[in-house]
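First comes the structure, then the notes that go with it.
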Amino acid sequence: MAMHRAWRFVADHWVLVAGLLVLAYLSAPVAVVVALSFNKPAGRLSYDLHEFTLDNWADPCGPAELCSAVARSAQIGFLATLVATVLGTMMAFALARHCFRGRNTISVLVLLPMATPEVVLGSALLALFVGARVPLGFWTVLVAHVMFCLSFVVVTVKARLAGLDPRLMEAAMDLYANEWQTFRRVTLPLLLPGIAAAALLSFSLSFDDFVITNFNSGVMVTFPMYVWGAAQRGIPPQ
């Protein structure tokens with residue numbers, strides 16, 4: 001009887017069940033990371049659940065370079081997100097709301113960093129910086145991150161702009177609002193979810209990037225680079 005009710009529930013709510021299974025599948029790696037944070041491994045290269053401990057949370061930085069690498073990645077991610085979001089939003093407005101010569105060509109060029117493999121993009125940027133005799137480090141990584149985050153911001157904000165009803169802006173101007181008031185009180189509030197999504201996506205991409213950063217970082221170490229290096233000698237539980 002219980003099995004029959006269970007199957008009847010699954011048959012009636014199969015979309016919900018499928019969605020929950022997908023969420024569980026996506027969350028499984030996060031759950032493993034959380035479990036390992038309370039684990040005291042048997043060795044430097046062992047990832048088995050060996051012994052429960054709170055030492056990792058008592059000393060979250062662990063090795064001296066860990067927190068500095070995280071802070072450096074967060075700093076680059078924040079600055080790259082800020083610059084890319086501002087520039088990308090303005091570009092999205094220009095491409096979505098204005099007609100000018102070369103608009104289609106610019107739209108294609110904006111998509112190129114998204115379609116280009118990161119190895120090709122990173123090596124091309126490295127050749128550019130070396131050819132221009134720019135020292136590799138914080139600023140070269142920041143410029144590289146702004147470049148590839150810009151494409152995602154433009155695409156996200158442009159899609160949000162395409163979904164806006166132009167009659168709302170026309171109604172605001174019919175009620176004697178000027179262009180700035182219409183933008184501030186109508187367009188921008190409607191556009192904020194798209195801008196926020198683009199900013200979060202940019203920060204995630206920047207914070208997580210390894211390939212392009214590895215080409216253009218010089219001696220600077222970001223968090224993904226630290227994890228890659230630590231994997232060769234044992235990742236600390238922190």
Item to check | Long-range HN-HN contacts of Asn39 with modeled amide H, under 5 Å | outcome: Thr53
Next on the checklist: Starting from the 7 Å offset along Cα-to-Cβ, what nm value, one decimal, do you get for the label separation of Val211 and Val86?
Outcome noted: 3.0
Checklist outcome for this item: Taking the alpha-carbon centre of each part, the distance from the stretch 142-161 to the stretch 117-139 in Å is 19
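I'd like to compare 184-193, 206-215: which one has the highest average count of other Cβ atoms within 10 Å, and what's the full order after that? It would help to have the intermediate numbers written out before the result.
Numbers: 184-193: 13.7, 206-215: 20.0.
The packing order, highest mean first, is 206-215, 184-193.
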Item to check | Selected from Pro166, Pro60, Pro117 as most flexible by GNM, with the chain as the system and alpha-carbon contacts under 10 Å | outcome: Pro166
Item to check | Virtual spin-label span in nm between Ala94 and Gln75, 7 Å along Cα→Cβ | outcome: 3.1
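Can you give the calculated 222 nm mean residue ellipticity of the chain, where each DSSP H run of n ≥ 4 adds -39,500 (n - 2.57) and the sum is split over every residue, rounded to the nearest 500 deg cm²/dmol? Show your work: numbers first, answer last.
Working: 12 runs with 173 residues, N = 238.
Helices in the chain give a 222 nm mean residue ellipticity of -23500 deg cm²/dmol.
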Next on the checklist: Just checking my list [x] 1.09; [y] 1.01; [z] 0.99 against Rg/Rh (Cα atoms, Kirkwood Rh) computed from this structure; which label fits?
Outcome noted: [x]
Item to check | Sequence ranges 18-24, 72-78, 99-105, ranked by mean other-Cβ count within 10 angstrom, highest first | outcome: 72-78, 18-24, 99-105
Item to check | Contour minus Cα-Cα distance for Val32 and Asp59 (0.36 nm per residue) | outcome: 7.7 nm
Checklist entry - For the pair Leu128 and Lys40, how long in nm is the line joining their label points, each one 7 Å along Cα→Cβ? => result 5.1
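Work out the length of the dipole vector of the chain about its Cα centre, built from +1 on the beta-carbon of each Lys and Arg and -1 on the beta-carbon of each Asp and Glu, and round it to the nearest 20 debye. Spell out each step's value before the answer.
Values: 15 positive and 13 negative charges, 108 e Å.
Its charge dipole is roughly 520 debye.
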Next on the checklist: Helix check for the chain. Which DSSP H runs span at least 24 Å along their own axis by Cα, with a mean Kyte-Doolittle hydropathy no less than 1.0?
Outcome noted: 14-37, 64-97, 138-162, 188-208
Next on the checklist: Let me spell out the model: positive unit charges on the Cβ of Lys and Arg, negative unit charges on the Cβ of Asp and Glu, origin at the Cα centre of the stretch 132-182. What dipole size does that give, in debye rounded to 20?
Outcome noted: 400
Checklist entry - How much accessible surface area, in Å² rounded to 10, belongs to the heavy atoms of Val120 with a 1.4 Å probe? => result 80
Checklist outcome for this item: Largest fluctuation, Ala124, Ala197, Ala35 only, Gaussian network model of the chain with Cα springs under 10 angstrom, belongs to Ala35
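Taking 30 Å as R0, compute the FRET efficiency from the Cβ-Cβ separation of Val15 and Leu188 and round it to 0.05. Walk me through the intermediate numbers first.
Numbers: r = 35 Å, r/R0 = 1.16.
So the FRET efficiency works out to roughly 0.30.
Tell me the carbon and sulfur percent of the accessible area for the chain, rounded to whole percent, probe radius 1.4 Å. Working shown, then result.
Numbers: 10840 of 15380 Å².
On the chain, the fraction of accessible area on carbon and sulfur atoms equals 71 percent.
The values are calculated or read from the model by the stated rules, or taken from the named source; none is laboratory data. Everything numeric here is computed off the predicted structure, so don't read it as measured data. A quick note on method: Cβ atoms are made from the backbone with ideal geometry, for glycine too, and the neighbour counts reach across all protein chains shown. In case anyone asks, the SASA skips ligands and DNA or RNA and just uses the protein heavy atoms, side chains included. Shrake-Rupley method; radii C 1.70, N 1.55, O 1.52, S 1.80 Å.
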